[in-house]
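Undergrad: Could you have a look at this structure, given as structure tokens, before my questions?
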Amino acid sequence: MKTNITKFQHFPFHLVDPSPWPILVSFSLLNLAIGGVLYMHGFNNGGTVLSLGLFLTIFGSCLWFRDIITEATYLGHHTKQVKSGLMIGVLLFIVSEVFAFLSVFWAFFHSSLSPAIEIGGSWPPIGITPLDPFAIPLLNTFLLLSSGAFVTYGHHALIAGNRKGAINGVFITIILAVLFTALQYFEYSEAGFTFSDGVYGSAFYASTGLHGFHVIIGTIFILVGFIRIVFYHLTPKHHQGFESSILYWHFVDVVWLFLFVAVYFWGGV
């Protein structure tokens, strides 16, 4: 006669089950990078390869995140120690992002503090009409800082058990983030210079475009948190993913302040 013996875990850490999603996302990202190079160099079917890579990356990421949500919400694998490790991972990720922006700012100040003779020895270069920092950029600064305030309000409301306040705060944050992205798109479409207009165009679009990409990622991050609040996944003491999205969003806020002062205001004078 066989006896079923239940095995109890005697440590607070989570040993994840084998998953196909990390390897799928890895090869999808490789496909995405190759497709981007092919597309930008005008190769046949480059756009198809790029689209396939993007689709597979999104598909694999969604399934991967679904499993993580299941582990955290329904299986109870995210203990205090696991959440601490996840937070350390998020902080290290943000540190890596800091250095990514540091490289962009380095390139910007290298070119602007001592303009080369090839661009007329001036910054902005001769022939470039910079954007008015007190138009859309100033409005976007207000929108982004306001969104940071609202998401913080939503976080504190969630901790206090105020479900309605949490939903309203996070929803307004998402609306403000979408408005920010829409206004930046409008700004790009109306700008009098492009990415290929010398070092100024490259530095401007590399810095603001990289930040815009982070805003889109952060918006999706917060949107997932919003959906999980609506579906009762998050509690006042169990909302690690939402806290991570807030940290990421505040990082985006701070970077934008540096961009506004350096690239739009000082760099446009």
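The values are calculated or read from the model by the stated rules, or taken from the named source; none is laboratory data. Treat the numbers as computed from the prediction; the structure is a model and nothing was measured. So basically every Cβ, Gly included, is an ideal-geometry build from the backbone, and we count neighbours across all protein chains shown.
Undergrad: Of all residues in segment 104-115, which are among the hydrophobic types (A, V, I, L, M, F, W, C) and loosely packed, with under 12 Cβ neighbours inside 10 Å?
TA: Once the filter is applied, which keeps residues that are among the hydrophobic types (A, V, I, L, M, F, W, C) and loosely packed, with under 12 Cβ neighbours inside 10 Å, segment 104-115 yields 106, 113.
This table checks each residue for (1) crowded, with 16+ Cβ neighbours inside 10 Å; (2) in the same structural domain as residue 253 (by TED's automatic domain parsing); (3) assigned to a helix (DSSP H, G or I).
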site: 95; (1), (2), (3): no, yes, yes
site: 102; (1), (2), (3): no, yes, yes
site: 125; (1), (2), (3): yes, yes, no
site: 141; (1), (2), (3): yes, yes, yes
site: 150; (1), (2), (3): yes, yes, yes
site: 173; (1), (2), (3): yes, yes, yes
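Undergrad: Look through segment 56-113, keep the residues that are modelled with pLDDT under 90 and basic (Lys, Arg), and return whichever of them is nearest to the chain's Cα centre (by Cα).
TA: Among those residues, the one meeting the criterion is 83.
Undergrad: Additional query: Please go through segment 48-84 and give me each residue that is without any contact (Cβ under 8 Å) to a residue 40 or more places away in the chain, surrounded by fewer than 16 Cβ atoms within 10 Å (Cβ to Cβ) and more than 16 Å from residue 24 (Cβ to Cβ), ordered by number.
TA: Passing the criteria: 48, 51, 70, 74, 75, 76, 84.
Undergrad: Go through 249, 256 for me and flag whichever is buried (at least 19 other Cβ atoms within 10 Å of the Cβ), at pLDDT 95 or above and within 22 Å of residue 162 (Cα to Cα).
TA: Going through 249, 256 in turn, the sole match is 249.
For (1) of a type in the set (Phe, Trp, Tyr); (2) within 30 Å of residue 77 (Cα to Cα); (3) in a helix (DSSP H, G or I); (4) touching a helix residue (DSSP H, G or I) at 6+ places or on another chain (Cβ under 9 Å), each residue gets a yes or a no:
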{"position": "170", "(1), (2), (3), (4)": "no, yes, yes, yes"}
{"position": "177", "(1), (2), (3), (4)": "no, no, yes, yes"}
{"position": "186", "(1), (2), (3), (4)": "yes, no, yes, yes"}
{"position": "200", "(1), (2), (3), (4)": "yes, no, yes, yes"}
{"position": "212", "(1), (2), (3), (4)": "no, no, yes, yes"}
{"position": "243", "(1), (2), (3), (4)": "no, yes, yes, yes"}
{"position": "248", "(1), (2), (3), (4)": "yes, yes, yes, yes"}
{"position": "251", "(1), (2), (3), (4)": "yes, yes, yes, yes"}
{"position": "264", "(1), (2), (3), (4)": "yes, no, yes, yes"}
